[in-house]
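Only the coordinates and a few stated rules stand behind these numbers; no lab work does. This structure is a prediction, so every number in the text was calculated from the model and none was measured. All Cβ positions, glycine included, derive from the backbone under ideal geometry; neighbour counts span all protein chains shown.
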Amino acid sequence: MNLRDIIAQRYVKRFLLARFVSNFGNGMAPIALAFGILHMRGGSPTELGWVLGASSTTMLVMAPFGGVIADKFGRVKIMGLTDLWGSIPLYLQCAFFATGHVPVWVFLFANINFGLMWGIFWPAQSGVMPAICKEEALQKANALTNFISNAAMILGAAIGGIIVATMGSTTGLLIDAATFSFSGIVVLSFGHIIPKRADNENSMLDDLVHGWKVFLSYRWIVAVVAGFGFITMAWAMGENVLGPLISIKYFNGAKSWAFVLTCESVGFLVGSVIGLRIKLKYPMRFMMAITSTLAIYMWALVRPQSLTFIAVSAFIWGIALDLWSSVWTTAMVRQVPRESLSRVSSFDAMGSFLFRPVGLMIAGPLAATIGIPRSMEISAGVVILVVVLVLLVPEVRNMQMPTSTESNQ
């Protein structure tokens, strides 16, 4: 099936529109929030880390239940509702940013709510494309979704840097909130689509336990997810907190960091193109190996290197990360029983982001104690160590990609 046929399928076009608009906001948000806090009266890297950590922590708390909620009440409908509801407190946060001071309770309210919605959205999203797209086109459809999402993030990051530098962070954050509202409304327009599943009278706890057992039964999933818990910790510390600080100290603030994130997003786009055609016999072996590109990106921030070198490193990491998205999603869909997919995805999300709040919260104090260069060296070292340890697991090295979903029927 070619791309034109995929887009022609009913509801796929609306889903792609929603992802484009939402990810435009996602590309803008990290720049707007980071520089909004760092430039705010009394703002600091530590405060930025705690704000981001609040949403990540609540996402982790909700993620296991998010999969159960999505499986029980409809993945498409739940995805739309979480986008819509998640945007509401963001408007309140924007109103306070406009005054030049945001009380702690506003940050907590907005970001805890967003984290809860994120924890439900993540596992719900994984089951939407299989519900609206034909089976044989899933890998191409997933890659196309990533391509469109990443194109939007490129635009969002590039335009976000300009908006933050010229119009202020409040405008950028307001646009981000509006994109979530729009995306939620579009997805809810086909929220009645519910994949067929066997009748189930189990309690939420029963479903949660069953999903956990299915998750544990795939050792390659468990090993990779455990490794990514530490990888996302290092990545979050370097990119979300210390990166903007380095940009203010050594470069041109928001514009410079927007350039780096735009290059990373361009890498996502290139990764999406590669993901349309790539076929890997041993996907986890290859994907873990190229994850080492994150260490290069983190190392580039140590001195720091030239802005161009940092941007190129971010670009290469972007390619690797987006390939992860395409290959991982396809592997999960083809091996995990469809009725358990959202629940397994929720444990995937929980494990992959388990230590992200730690990275965000320790970044500021660590940099103040041992300095930014040493902090970035630690981040790079953690990535290399984790890659090696995960590749030592036989189930990861020897995992082969099925050619169909025959094993999960």
Worksheet entry | Sequence-distant lysines (8 or more away, or on other chains) whose Cα lies within less than 26 Å of LYS13 | LYS72, LYS77, LYS134, LYS140, LYS196, LYS279
Practice prompt. Calculate the all-directions average of the projected area of segment 203-271's alpha-carbon convex hull, and give it in nm².
Written response: 7.1
Practice prompt. Treating only the Cβ atoms of Lys and Arg (+1) and Asp and Glu (-1) as charged, compute the dipole magnitude of the chain about its Cα centre; round to the nearest 20 debye.
Written response: 600
Worksheet item: Just one of (1) 168; (2) 121; (3) 187 is volume of the Cα convex hull per residue in Å³ calculated from these coordinates, so which is it?
Response: (2)
Fill in: Nearest 10 degrees, 0 to 90: helix 372-391 Cα axis against the chain principal axis
20
Item to complete: List, in order, the whole-Hz ³J(HN,Hα) value for each residue of segment 81-92 obtained from phi through the Karplus relation with A = 6.51, B = -1.76, C = 1.60 and θ = phi - 60°; use x for Gly and Pro.
Response: 5, 5, 4, 5, 5, x, 7, 4, x, 5, 5, 5
Worksheet item: Using the Cα gyration tensor of segment 244-308, with a ≥ b ≥ c the square roots of its eigenvalues, what is the shape: rounded (a/c below 1.5), prolate (a/b larger than b/c) or oblate (neither)?
Response: oblate
Discussion item. Would any residue of segment 308-349 have its amide N under 13 Å from a label point 7 Å out along Cα→Cβ of LEU280? List them or say none.
Written reply: 319-332
Response to the item:
Diffing segment 174-183: the Karplus 3J(HN,Hα) column from phi (6.51, -1.76, 1.60, θ = phi - 60°), in whole Hz with x for Gly and Pro, holds 5, 5, 4, 4, 5, 5, 5, 4, 4, 4
Item to complete: Kindly put LEU216, LEU144 in sequence by how many other C-beta atoms sit within 10 Å of each C-beta, fewest to most.
Response: LEU216, LEU144
Fill in: Per-residue Cβ neighbour rank within 10 angstrom, fewest leading, SER346, SER256
SER256, SER346
Discussion item. What does the C-alpha gyration tensor say about the overall shape of segment 299-409? Classify as rounded when a/c is under 1.5, otherwise prolate if a/b is larger than b/c, or oblate.
Written reply: prolate
Item to complete: As a check on your grasp of the helix formula, calculate [θ] at 222 nm for the chain: sum -39500 (n - 2.57) over DSSP H runs of n ≥ 4, divide by the residue count, round to the nearest 500.
Response: -26500 deg cm²/dmol
Worksheet item: Which of ASN142, LEU155, ALA177 sits farthest toward the positive end of the charge dipole of segment 44-178, with +1 on the Cβ of Lys and Arg and -1 on the Cβ of Asp and Glu?
Response: ASN142
Worksheet item: Calculated FRET efficiency, LEU92 and LYS134, Cβ-Cβ r, R0 41 Å, to nearest 0.05?
Response: 0.45
Discussion item. Taking amide H atoms as placed 1.01 Å from N in the peptide plane, list the residues 5 or more away in sequence, or in a different chain, whose amide H sits under 5 Å from that of GLY43.
Written reply: none
Fill in: Förster radius 25 Å - calculated FRET efficiency between VAL61 and SER306 (Cβ-Cβ, nearest 0.05)
0.05
Item to complete: Only Cα pairs under 8 Å and at least 6 apart count here; give the relative contact order of segment 265-373 as a rounded whole percent.
Response: 36
Item to complete: With unit charges on the beta carbon (Lys/Arg positive, Asp/Glu negative), name the residue among THR293, MET376, GLY86 whose Cα is farthest towards the positive pole of the charge dipole of the chain.
Response: THR293
Practice prompt. Convert each backbone phi in segment 326-331 into a coupling constant with the Karplus relation 6.51 cos²θ - 1.76 cosθ + 1.60 (shift: θ = phi - 60°), then list the ³J(HN,Hα) values in order as whole Hz, x for Gly and Pro.
Written response: 5, 5, 5, 4, 5, 4
Item to complete: Please name which of VAL186, GLY115, GLY359 has its Cα lying farthest along the dipole of the chain towards the positive end, using unit charges on Cβ (Lys, Arg +1; Asp, Glu -1) and the Cα centre as origin.
Response: VAL186
Item to complete: Tell me the trypsin sites (Lys or Arg not before Pro) within segment 11-118 that lie in a loop according to DSSP and have at most 12 other beta-carbon atoms within 10 Å.
Response: ARG41
